[in-house]
Amino acid sequence: MEAQLVTALGTVALALVTMGLVLYAHRQASSIKDTLFLQGMLSMWQELEKQAAREYRRQVYHKAARLEPEAIDDDDDVRQAVESVANSFDYLEELACVEKRLRSLATRFYGVTGVRCWAVLKPWVGYMVSQGRRAGDFHQAFRDFAEKAANDAGCGGRPEINHGRDVWIDNGEEVIHRSIWDDGTSEGRAQASQSP
């Protein structure tokens, strides 16, 4: 009887130690995940703040905004800027989707910028898809980021956005008004005209 009691107590003690180790390992893994994610997000922020990235966004605002979608590919500098900006917002959206806690940070810091860039680049994305040069989900993450940012309360009241859906881009010569849904097609214009 005594041997059975010792065996039972040993089994319970082993189960408690095992459970403690599992909880410790889970906390450590969670901590490592948070650390790695924050490093990735900080790296993305550093990339978006580099002088070259800022210059690419300026080219989107000032040069690409004046071009027809099919003309963007004719100018190597503008095409490079457009692709870099679109890819950056794709990556930012993917990071924000993985870690929901950082969604508000991403839209707070880059929401207005993302919406302004999307308003300029959406016709180009639509053109690339319509010409069969890209798949239908081309820059879907960028589109998702812009739409979530436009609907985010943190973007309300900013001068670049009216009701979170329309964008005015001053390219130095004129002020261009675009809706983030207007992709130059009749469906996009209809959706843009119906949005508040």
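Whether a residue is buried (at least 19 other Cβ atoms within 10 Å of the Cβ) and either touching a Cys at 6+ places or on another chain (Cβ under 6 Å) or not polar (S, T, N, Q) (or both) was assessed, and ALA53 does not pass this test. Checking ALA106, ALA119, ALA153, ALA149 one by one, the residue that is at pLDDT 85 or above and in the same structural domain as ALA71 (by TED's automatic domain parsing) is ALA119 and no other. SER88 satisfies every condition listed in (1) more than 11 Å from the chain's Cα centre (by Cα); (2) at pLDDT 50 or above except (1). For the residues VAL112, VAL85, the requirement of being β-branched (Val, Ile, Thr), out of contact with any Asp or Glu (no Cβ under 7 Å at 6 or more places or on another chain) and assigned by TED's automatic domain parsing to the domain that holds GLN140 singles out VAL85.
The values are calculated or read from the model by the stated rules, or taken from the named source; none is laboratory data. The structure presented is a predicted model; accordingly, all values stated were derived computationally and were not measured. Please note: Cβ atoms are built from the backbone with ideal geometry, for glycine as well, and neighbour counts cover all protein chains shown.
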